[in-house]
Amino acid sequence: AALAPPLLNGSFYKLQNFYLENMQIDKCYYLPMIDVIDARKVNYAEFVNKYMSQNLPVLIEGIFDVCNWPCAGDWVTENGQPSINYIRQKFGDSKVTCTDTSKQIYGQISQREVSINTYLDWWEQKKSSQEECLYVKDWHLSAEEHQKLCKKRDGNNKQKFSFYETPLYFKEDWLNDYFDKIQSNKKQQKQRVSSNEQKDIKTSDYRFVYMGPKGSWTALHADVFRSFSW
């Protein structure tokens, strides 16, 4: 999430040009030009009517002017690189699943579970693009940190851990709203969600963090249940 702004700058147009120049297709079937809108000027109703309901792609600028994203500052150094020291200090003990994208074949994914500390050790020692290229996927950081806050406050924490704010256009998240309601009902009934805390976290929400060095990637895919969870 924190690395998205610099990586997304102009990426669609580069992808479109690459696609047209390298794929053996009839150029009559080109990708359409994409609108660029300003989040400070386009309200929710306009966005829904013009883009969401029409199922049209759009690039959005000015998000950081209307949303609070602490990770865009905390997780990044002054020169725009990932702040490995900060991530290690805050989340080093977290367990995450990572895949080796240097060997990934569609439908056949090699993956393993490691701690963030172990993963960052690998990242700092990586020297060649020919080596394995590990990519962290489906990290339930929000749920994990919220659970820690609840423990510190004897289960009475009403404030969620937050390192980003979902933009207004995408706040109608039916999937996470459903899971949040389940969690809330079980806490009100004073039931344990699960006897296995790690399993509890992995089934608690669909708010994921993904991260990896240059060269890591994920295959073209549709999100779980065709949702667009943040």
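Could I have the simple spin-label model distance between Met52 and Lys181, label points 7 Å from Cα toward Cβ, reported in nm to one decimal?
For Met52 paired with Lys181, the spin-label model returns 1.7 nm.
Which peptide among 42-55, 110-123, 131-144 comes first, and what is the full order, when sorted by highest mean count of other Cβ atoms within 10 Å?
Output ranking for 42-55, 110-123, 131-144: 131-144, 110-123, 42-55.
For the pair Trp217/Met33, report the inter-label distance in nm, with labels modelled 7 Å from Cα in the Cβ direction.
In this crude label model, Trp217 to Met33 measures out at 2.8 nm.
Using a simple spin-label model with points 7 Å from Cα along the Cα→Cβ vector, what separation in nm is obtained for Tyr44 and Gln125?
Roughly 4.9 nm, to one decimal.
Mind ranking 164-174, 220-230 by how tightly packed they are, going by the mean number of other C-beta atoms within 10 angstrom, highest first?
Result, highest mean first: 164-174, 220-230.
Here, each number is a calculation from the coordinates, and none is a lab measurement. Remember, it's a predicted structure, so these values are computed and weren't measured experimentally. With ideal geometry, Cβ positions are generated from the backbone for all residues, glycine too; neighbour counts draw on all protein chains shown.
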